[in-house]
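A quick write-up on the structure given underneath.
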């Protein structure tokens, strides 16, 4: 098999024709790009076919790609590029073929394709997509909502045009969004490799900022003061202290959905799990609820389905207080059913509107937000009550596995990294307990001067501040003279 590499650029002559490989500037460093050309397997009619590879920044990269293509032909694993298949068309075909996706996952993929991947990469041929194209897309995404020097790039303008009909179209995108979009791209391109549309996944070696989960923080007095001064939340996920949670629950005790707030705050169900919970999965005698179904908000639609993951399907134990709250809620619901008669909508759900019809998830969250504002407490989201439940359970049990199982996590890693917030008093208690493990003969009072000399006997021959040697009997270390350290300490002190 024959092949060669060559360099060319896009410069044009006076007549508007490209110089190609004849450009006099090609000898300059950084001007033009390298390409590869090779003989592909002959067509069915026996005609010779040539394919191109590129562009590449260096001859070394072009040679490597050419060698890989020639070797693939020799091994019989060569894939002829589908020159007419664009990234946009393939992405549409890929999403259409994902028949087993949950509605919320499909909605997320569709958003990534519509807002970022198709506007940024859709015009390119799939066979010619390179890692630099993905990197350019993510760089443009980071510019959204930020000041741009001069005229925005073509790529950035495409992204902005695609976002004109979305809420907060100019909102700055964080690294987490870019990582999620990249994950969607990697899934699609991985499918392209499996279907032999392309030989390798061009996104495999794209480097992104390391993702750190946004750890929940507790609303301490210092953070509350800072929030009141600036109006900014210290983190996306904030957790009330037990005292703050109690104040909210006391305030919300007369609310029609008090049982919902109570259940999520103490047992950590997701919003979708609580709103999809039927009475048939609540056993008040055995003090358990079984989580099997969900109601998920997807844009303006509400979709019923299974749990988020297999681990999310679980049985959660209930405390006596929560049992009483649910019994009272069931009695009230029965009274409403009798009052409305035929007008009652029998959904069989635990948490409903006043007529028995199902709640809209976003409406429930908005109702919760309004109640928080009325209490005057620092703001938390409805989902943050799940963080609260995790923190309370871990604080009471010190059992991370039990806490993880209650939340429906597949492993304890995400529970530890994101959901378990250590309350300030517990942390202080741990610090005191750790310090108490070290025995001391005498404890220096708070505010005592820090000694400037070494322990007696350790610094003989060393000069003090006034240029005089410290005496062997001088004790300026708060009791070290009466409680001498082991003999080897002296040599350590003298040698540093």
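Listed values, structure above:
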quantity	calculated
Of all residues making up the stretch 26-57, the number that are over 39 Å from the mean Cα position of the chain (by Cα) and either in a loop (DSSP other than H, G, I, E, B) or at positive phi (or both)	14
Criterion violated by residue 246 - all others in (1) outside any helix (DSSP H, G or I); (2) modelled with pLDDT of 95 or more satisfied	(1)
From 124, 137, residue being crowded, with 21+ Cβ neighbours inside 10 Å and assigned by TED's automatic domain parsing to the domain that holds residue 175	137
Answer from 279, 240, 261 - the residue that is touching a strand residue (DSSP E or B) at 6+ places or on another chain (Cβ under 9 Å) and under 24 Å from residue 312 (Cα atoms)	279
Qualifying residues in the stretch 26-41 (those that are within 27 Å of residue 76 (Cβ to Cβ) and modelled with pLDDT under 80) - the one surrounded by the fewest Cβ atoms within 10 Å (Cβ to Cβ)	41
Residue check for residue 299: touching a residue at least 60 places away in the same chain (Cβ under 8 Å), over 26 Å from residue 405 (Cβ atoms) and over 35 Å from the mean Cα position of the chain (by Cα)	no
Scan of the stretch 331-377 for residues that are more than 16 Å from residue 273 (Cα to Cα), in a loop (DSSP other than H, G, I, E, B) and either over 31 Å from the mean Cα position of the chain (by Cα) or not assigned by TED's automatic domain parsing to the domain that holds residue 227 (or both), ordered by number	344, 345, 346, 353, 354, 355, 356, 357
Test: residue in the stretch 414-432 that is part of a loop (DSSP other than H, G, I, E, B), modelled with pLDDT of 80 or more, surrounded by 11 or more Cβ atoms within 10 Å (Cβ to Cβ) and in the same structural domain as residue 239 (by TED's automatic domain parsing)	no
Subset of the stretch 203-222 [surrounded by fewer than 19 Cβ atoms within 10 Å (Cβ to Cβ) and either over 29 Å from residue 245 (Cβ atoms) or in contact with a strand residue (DSSP E or B) (Cβ under 7 Å, 6 or more places away or on another chain) (or both)]	204, 205, 206, 207, 208, 209, 210, 211, 217
Qualifying residue in the stretch 55-67 (condition: closer than 22 Å to residue 196 by Cα and touching a helix residue (DSSP H, G or I) at 6+ places or on another chain (Cβ under 7 Å))	no
Out of 289, 316, 325, sole residue that is crowded, with 19+ Cβ neighbours inside 10 Å, modelled with pLDDT of 95 or more, out of contact with any strand residue (DSSP E or B) (no Cβ under 9 Å at 6 or more places or on another chain) and in the same structural domain as residue 420 (by TED's automatic domain parsing)	325
Contacts under 9 angstrom Cβ, first residue in the stretch 33-55 being closer than 16 Å to residue 71 by Cα and not assigned by TED's automatic domain parsing to the domain that holds residue 20, partner modelled with pLDDT of 75 or more and surrounded by 19 or more Cβ atoms within 10 Å (Cβ to Cβ), 6 or more apart	none
Subset of the stretch 1-25 [exposed (fewer than 15 other Cβ atoms within 10 Å of the Cβ), without any contact (Cβ under 8 Å) to a residue 60 or more places away in the chain and on the phi < 0 side of the Ramachandran plot]	2, 10, 12, 13, 14, 15, 17, 18, 21, 22, 24, 25
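The values are calculated or read from the model by the stated rules, or taken from the named source; none is laboratory data. Model, not experiment: these values are computed from the prediction. Cβ sites come from the backbone with ideal geometry, for glycine too, and all protein chains shown count toward neighbours.
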